[in-house]
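The values are calculated or read from the model by the stated rules, or taken from the named source; none is laboratory data. The shown structure was predicted, so the numbers you read here are calculated from the model rather than taken from an experiment. Using ideal geometry, Cβ is built from the backbone for each residue, glycine included, and neighbour counts are taken over all protein chains shown.
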Amino acid sequence: MSALTTVVVAPFIGAFLIALLGRTLGRWSALVMVGAAVTSLCAALPLIGAESPALVSHAWIPSLGVTFGLRADAFAAFFSILIAGIGVLVGVYSLGYGTVGLGNARIGRYYAALSAFMGAMLGIAVADDLILLFIFWEVTSLTSYLLIGFWYEREAAREGAVTALLVTAMGGLAMLAGFVLIGLATGTFLLSEIVADDARRAALVASPAFVPALLLVLAGAFTKSAQFPFHFWLPAAMVAPTAISTYLHSATMVKAGLFLLARVTPLFAASIVWPLVVVPVGLATLFLGAWQSFRETDLKALLAYSTVATLGLVTLAYGLRAPEQDVLQILSHATYKGTLFMVAGIVEHATGTRDLRELGGLRRMLPISFALCLLGVLSMGGLPPLFGFVAKEALYGSLLDSAMLGPQPLLHGFVITVVVAANAFLLASGLKLLIGVFLGSAPAERQHAAHTAHEAHGESPLLWLPPAVLALGALGLGLLSATGTSGELVNALSSDPNAEVAVSLFPAHLGPLVLSLVTIGLGTLIYRSRVRVEAMQQRLDRLPDARAVWDALLARVTRFAEAYSAWWQDGSLRWYFSAMLLFTTAVSFFALEARGVSIADAGIGFQNLGWESVCLAALIIMSTIAVVRSDTRLGAALALTASGFLVALVYAVYRSPDILLTQILIETVSTIVILLVLYFMPTFRKDGLSPGQSAWNAVVSGLFGFAMFVFVILCTSPGFRETRNLGQDYLARSLGEAGGRNAVNVIIVDFRAMDTIGEVTVLVVVGLCAYGLLRARRAEG
Amino acid sequence: MRESPVLRTVTRIAVPLTVLLSLRIFEQGHDMPGGGFVAGVLAAAAGAMYLLAFGLERAARFSWWRLSVVGLLCAIASGTVPLLAGSTFMDHVILEFDLPLLGNVHLPSATFFDLGVYLIVLGTLMTLFVELGLEEGQWNS
């Protein structure tokens, strides 16, 4: 297995192992997860220095042009290392966090989902095929649903998980539609081929599907990265365990949307629609996130909104066609926000609360966390010498020189003002967090509780080591910027191969420095006058909240679904059968019409008709009449069985043993089922039919019978057939290609195995549903 | 259910024979009429015969739905193995072995897929029989 495949597969193997052994391993499953993460990390590290991108390509669904294609360029390698690296830290941290009082099986499930999530994220990072990317994308949505809903006893956890799943999965489906449009327009699903081939990209731009594809793909990216107006799912998802919030909602999953933006930038960014959509969304997300972050008193909500803000910032950079900024900003954010989330977890672990109003003066109790938090907040606020400062300088520099905004001074000024204001709010919420938690003195009632109930939880190394690695990363990368090493690194890793961001610890130009100073000054001012700012924020609360709009939408959809089901599925078997039969009739006639077949084409003659067929036909007609005329259900059922066996005899006459065998067995088994359910059927209301109902029954069955008659006769006519004779084709291929002489069975298990998989899956689901429904009914009654 | 000695005696002989027949039909499916689906239905018919003769209790002790889930996993696995070996999903191969007693054995990997279908059909039908039968028992009591 190549290194690239290992990157993706290792976590899934880990997840599988944990799923098998989780009950026994309990919290030590973390070691399996960490082992998988380390494997992926080690496999991903060499990819970064490779001369040319590593490639893996397996045929998957060749008939649809879908391949299992992986490709790791520098940006993908960066993302993989970020995901696997933080995966290691989160695994260790989870072990230290130690969810007390839960069963081993449940903790095992947690690590299994976490490991699978990591594998899916790595899959997104290195997928080259768009369909493959979509699948990994949805796997992250599903596993994150499990992880957010870890404490499923809590109402809020269930709601948060469902909201996150609905929003991101909906976006994912939109994205799939966009991918399909791209694939149709360019003729391939391989992203690298589209990017490398000018002709394909031109075909996409010229295609009428260009703008819909752009908007659909953006919908996927925006929902995943919690962009306005879809941002509300992220704070709602903060009910997850802190390790999960760190991993999913700060370091990795929410960045998948940004990753997607980077990947489609070469396809879409040249269009005018791109900045028109992406810039306002990014700007709105940035400002609302920062604004809301300062309001929150819950540590994790505060951090969640500040994450929303940063995601908006990077989106803005993509919108302004400045993708070279991405690695710099993402790396900076991952280091400080990961630190802060983990520190928030330590604080909650130690005190049992994460409400700022109940916290204070923890610097003596949690000295290491205090130091880490200080580093994190300084980086978040953009103060030297931390990496956050360097990143913000570079961002301001690129904003000031933006080729896109340059010609429009008003707009340019507006964007810069918003970015500066948002950054000031972020600094202010950082200060609020740092000072609120660690400085000052604890509120009286907390002081008491902190020293009794939670004295046992101090700072264990397992808890503070992971954030320490990240915080030192933020510091180290900042210091390294003095030498230009950081600059080379982020430029080499960026999604833009020609990235040349000037990254330096020492400001080279006056403009960015002035903006930085303004940011710091404004941020401090906002923090100092926080009482007044909060009062002002309260007054602006009248605006409709995206969350409320979403809830109203969901309620509307549910009500519609209920009304629709009540109307359409009214429980009357007669109505169901009418609908099914009429639909089949319509489809049959449509097929004949579309083929342009006329009755004259029917290749029907009586020369092959033997006396035995005539007798059988007569018997079938008689037994069918018996079905209709029977006075009891049992009689009807038996007559129906008789007609089924007579049909089987027809197969015997025309020498088709395969269908004969199947028909006989199916008749037998369905008779058993009919007899089993007969008991529960309502009394036979044969005479109770109104004339209208009788007439309707006659019309429906007459139409259906006529349609089937015409269809069966005509579909054997030459005009209906393909030019190629499929039957002969399969017969010729069955022994050579599949090693079987029974072509019917070979078709089922080999040539059309995908269809069969679908069918048997339905069968299993039906069985399980019947089992569940009947058991539940018995349990009730 | 009323006990019928005749039915029970016949069933004792017929059920093993039917199951053997179903295995035979399954085994020959690749070359002659038969295959997993039909063989599964036949085995379920044998199961139904058993239920009629001996009642539900013993058959209901086994969770038949597990059989269908195992079958589904088997079918999916048979399609996934070629994928891991570098081929496409569901791209079946023909395996040839030389075994000491049986001589040259010709085993298409699709057989495992077919085995999955067999188990699914058997498991689902038996689930239906047992559950519907239990329902009836509930009704009577």
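A residue that is at pLDDT below 70, in the same structural domain as A:Val647 (by TED's automatic domain parsing) and in contact with a helix residue (DSSP H, G or I) (Cβ under 8 Å, 6 or more places away or on another chain) occurs somewhere in segment A:673-684. The residues of segment B:51-71 that are within 9 Å of chain A (Cβ to nearest Cβ) and either outside any helix (DSSP H, G or I) or touching a Ser or Thr at 6+ places or on another chain (Cβ under 8 Å) (or both), listed by number, are B:Leu52, B:Ser63, B:Trp64, B:Trp65, B:Ser68.
Within segment A:629-661, the set of residues being out of contact with any Phe, Trp or Tyr (no Cβ under 7 Å at 6 or more places or on another chain), under 26 Å from A:Leu714 (Cβ atoms) and at pLDDT 85 or above comprises A:Ser643, A:Gly644, A:Leu646, A:Val647, A:Ala648, A:Leu649, A:Val650, A:Tyr651, A:Ala652, A:Val653. Scanning segment A:209-228 finds no residues that are polar (S, T, N, Q), farther than 20 Å from A:Val139 by Cα and without any contact (Cβ under 8 Å) to a residue 60 or more places away in the chain.
Given the condition over 36 Å from the mean Cα position of the chain (by Cα), modelled with pLDDT of 80 or more, part of a helix (DSSP H, G or I) and β-branched (Val, Ile, Thr), answer yes or no: does some residue in segment A:433-448 qualify? Yes, the conditions are met somewhere in segment A:433-448. Look at segment A:346-362: where a residue is among the charged types (D, E, K, R) and a partner is crowded, with 17+ Cβ neighbours inside 10 Å and part of a loop (DSSP other than H, G, I, E, B), sitting 6+ places away or on another chain with Cβ atoms under 6 Å, you get A:Glu348/A:Arg354. Here A:Leu17 does not fit the description of being part of a helix (DSSP H, G or I) and closer than 27 Å to A:Asn498 by Cβ. Taking segment A:37-56, which residues are farther than 16 Å from A:Ile13 by Cβ, in contact with a Ser or Thr (Cβ under 9 Å, 6 or more places away or on another chain) and of a type in the set (Gly, Ala, Ser)? Listed by number, the list holds a single entry, A:Ala54. Restricting attention to segment A:496-504, does a residue exist that is surrounded by 15 or more Cβ atoms within 10 Å (Cβ to Cβ) and assigned to a helix (DSSP H, G or I)? Within segment A:496-504 (the criterion being surrounded by 15 or more Cβ atoms within 10 Å (Cβ to Cβ) and assigned to a helix (DSSP H, G or I)), the answer is no, since none of the residues qualifies.
Candidates in segment B:38-50 are the residues that are more than 7 Å from every other protein chain (Cβ to nearest Cβ) and out of contact with any Lys or Arg (no Cβ under 9 Å at 6 or more places or on another chain); of these, the one that is surrounded by the most Cβ atoms within 10 Å (Cβ to Cβ) is B:Gly40.
Within segment A:745-760, residues that are more than 7 Å from chain B (Cβ to nearest Cβ) sit with their Cβ atoms under 6 Å from residues that are surrounded by fewer than 20 Cβ atoms within 10 Å (Cβ to Cβ), at 6+ positions apart or across chains, in these pairs: A:Ile747/A:Tyr730. In segment A:229-253, how many residues are assigned to a helix (DSSP H, G or I) and buried (at least 24 other Cβ atoms within 10 Å of the Cβ)? Result for segment A:229-253: 16.
On the stretch given as segment A:649-708, residues that are of a type in the set (Gly, Ala, Ser), touching a residue at least 40 places away in the same chain (Cβ under 8 Å) and surrounded by fewer than 14 Cβ atoms within 10 Å (Cβ to Cβ) total 0. Taking the criterion of being under 11 Å from A:Leu475 (Cα atoms), of a type in the set (Phe, Trp, Tyr) and buried (at least 24 other Cβ atoms within 10 Å of the Cβ), the only residue of segment A:371-398 that qualifies is A:Phe387. Inspection of segment A:654-668 finds no residue satisfying the criterion of being in contact with a Leu (Cβ under 8 Å, 6 or more places away or on another chain), more than 10 Å from chain B (Cβ to nearest Cβ) and not acidic (Asp, Glu). When the helices (runs of 4 or more DSSP H) confined to segment A:604-682 are screened for residues that are among the charged types (D, E, K, R), those reaching at least 2 such residues are found at A:611-629, A:657-678. Taken over segment B:23-50, the residue count meeting the criterion of being touching a residue at least 12 places away in the same chain (Cβ under 8 Å) and outside any helix (DSSP H, G or I) is 3. Taken across segment A:408-417, residues that are in the same structural domain as A:His333 (by TED's automatic domain parsing), in contact with a helix residue (DSSP H, G or I) (Cβ under 6 Å, 6 or more places away or on another chain), closer than 20 Å to A:Val518 by Cβ and not charged (D, E, K, R) do occur, with at least one present.
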